[in-house]
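Shown next, in structure tokens, is the structure this report addresses.
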Amino acid sequence: MTVERQDAPAAALDTLYARLDEAALRPLWTITEQLLTPEPRPKAVPWLWPAETMRPLAEEAIRLVPVERGGERRVLSLANPGLGGRPYAVGTLWGALQALGPRESAPAHRHSPGAIRFVLEGEGVWTTVDGDACDMGPGDLILTPGWAWHDHTNAGDAPMFWFDGLDLPMIEALDGVFFEPYPDDRQPVDGPHNASERGAPAGARFVEGRVTDALDPRPSPLLAYRWADTDAELSRLAAASDDGVVSLEFTNPVNGASVLPTLSCGMHRVVPGRATLPVRRTGNTIYVVYQGEGHSVMGGRRFDWRAGDMFVAPSWVPVEHHADAQADLFSLGDAPVLRALGVYREETLAAPQDVTSTFQPKNGKNPR
Ligand code: 1HN
């Protein structure tokens with residue numbers, strides 16, 4: 001902290017600070033170091049939510065809580081313990097487990113924050129996005145761009161569970177949140193399902209690694225990315241690589257940009273027995289374990305994971321992934337925004353991290 005003039009009388013300084021406070025002014029010299037940190041200091045901490053904890057709670061919520069107008073959704077949000085009770089997975093991203101019981105539907109609405117769904121399990125569910133019913137199956141990525149009407153329908157006999165990711169904390173920070181309920185419970189579905197895929201532009205749906213272009217405010221007109229296509233692309237990349245992790249990013253086929261202007265979605269195949277190095281990036285990431293088992297080291301702490309678990313890597317924390325059996329991780333990040341603003345950075349560290357502790361999930365039935 002900057003010190004005051006040596007000869008300044010203490011009483012005069014106290015008076016100055018009191019008058020500044022009264023005038024709603026803050027002297028920068030007293031807070032410079034807490035504002036201009038040498039590196040990002042996210043409040044969110046690396047954390048993991050085990051499927052074995054979340055899943056029974058989502059099932060109990062299906063039994064006890066209906067999906068109705070007002071509440072809108074049966075969604076359990078990942079609340080990062082570093083964020084003081086706010087319902088956000090990391091500072092800039094919403095992440096959650098959503099559950100929809102058999103024959104239920106979640107009412108139609110729209111909001112300025114954009115959303116993506118990554119399906120964990122179940123069938124017979126579709127999300128209608130601006131009149132286009134997008135069928136949802138395990139491993140599929142479904143987009144609901146900002147301000148698109150959307151509702152979810154489960155026409156099947158089993159519950160469905162999926163991951164919801166939104167840019168809500170970013171849009172909230174920008175004071176840009178709008179919300180509107182649709183006049184009816186559900187939108188009419190015009191024509192056959194999955195129209196966005198039939199009319200989809202011919203461009204690429206994936207890029208190896210990550211998108212590096214600047215922000216394009218148009219969301220992808222393609223609303224569904226199917227697991228069969230993602231799986232085939234990951235297999236192709238893994239066959240051509242010696243790396244411990246092969247990554248793809250889902251792209252807007254029109255312009256090769258990230259799928260939404262604010263959100264990037266990726267898939268990572270972690271191959272056992274191959275070397276991986278830690279990477280740190282500006283911006284936050286949520287990972288969803290689609291299949292397989294392994295662990296990630298984040299900031300020197302080991303996080304063991306298996307299918308259905310969700311974990312977060314806050315900005316600039318070194319992250320490395322290791323698989324015990326071939327594993328596929330879905331990721332959601334805010335990189336498009338950091339890139340557009342010119343503050344994206346990425347660094348691969350030279351050596352694996354020393355593991356100094358192991359994360360123990362609080363309510364995990366089997367301590368890992
Ligand atoms: C929302 O609309 C959905 O449509 C899910 O399924 C999660 C979290 C915050 C705000 C709106 C949905 C949400 C959400």
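The values are calculated or read from the model by the stated rules, or taken from the named source; none is laboratory data. Remember, predicted model here, so these are calculated numbers, not experimental data. Here the Cβ is made from the backbone with ideal geometry for all residues, glycine too, and neighbour counts use every protein chain on show. With ligands, DNA and RNA removed, areas are computed over all heavy atoms of the protein, side chains included. Shrake-Rupley method; radii C 1.70, N 1.55, O 1.52, S 1.80 Å.
The rows are residues; the columns are (1) within 14 Å of the chain's Cα centre (by Cα); (2) more than 10 Å from the ligand (Cβ to nearest atom); (3) not hydroxyl-bearing (Ser, Thr, Tyr).
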site: 141; (1), (2), (3): yes, yes, yes
site: 145; (1), (2), (3): no, yes, yes
site: 158; (1), (2), (3): no, yes, yes
site: 164; (1), (2), (3): yes, no, yes
site: 173; (1), (2), (3): no, yes, yes
site: 179; (1), (2), (3): no, no, yes
site: 182; (1), (2), (3): no, yes, no
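With respect to residue 118, determine if the residue is within 14 Å of the ligand (Cβ to nearest atom), part of a strand (DSSP E or B), over 23 Å from residue 257 (Cα atoms) and of a type in the set (A, V, I, L, M, F, W, C). Please lay out each step first, then the result.
Values: within 14 Å of the ligand (Cβ to nearest atom): yes; part of a strand (DSSP E or B): yes; over 23 Å from residue 257 (Cα atoms): no; of a type in the set (A, V, I, L, M, F, W, C): yes.
Taking the combined requirement at face value, the residue does not satisfy it.
The strands (runs of 3 or more DSSP E) falling completely within segment 261-368 that include 1 or more residues that are touching a residue at least 12 places away in the same chain (Cβ under 8 Å) and surrounded by 20 or more Cβ atoms within 10 Å (Cβ to Cβ) map to 264-270, 279-281, 285-298, 301-306, 310-313, 319-333. The residue that is nearest to residue 77 (Cα to Cα), counting only those in segment 30-52 that are hydrophobic (A, V, I, L, M, F, W, C) and surrounded by 11 or more Cβ atoms within 10 Å (Cβ to Cβ), is 49.
Answer yes or no: is there a residue in segment 61-81 that is more than 16 Å from the ligand (Cβ to nearest atom) and surrounded by 12 or more Cβ atoms within 10 Å (Cβ to Cβ). Within segment 61-81, none of the residues are more than 16 Å from the ligand (Cβ to nearest atom) and surrounded by 12 or more Cβ atoms within 10 Å (Cβ to Cβ). Of the residues making up segment 147-183, just one is free of Cβ contacts under 8 Å to residues at least 12 places away in the same chain and under 17 Å from residue 128 (Cα atoms), namely 183. At least 2 residues being aromatic (Phe, Trp, Tyr) is the threshold, and among the strands (runs of 3 or more DSSP E) wholly inside segment 150-258 those reaching it are 160-166. Exactly one residue among 168, 174 is over 23 Å from residue 307 (Cα atoms) and touching a Pro at 6+ places or on another chain (Cβ under 6 Å), and that residue is 168. Note on segment 98-115: residues that are more than 10 Å from the ligand (Cβ to nearest atom) and either open to solvent by less than 10 Å² (accessible area, probe 1.4 Å) or under 19 Å from residue 178 (Cβ atoms) (or both) total 4.
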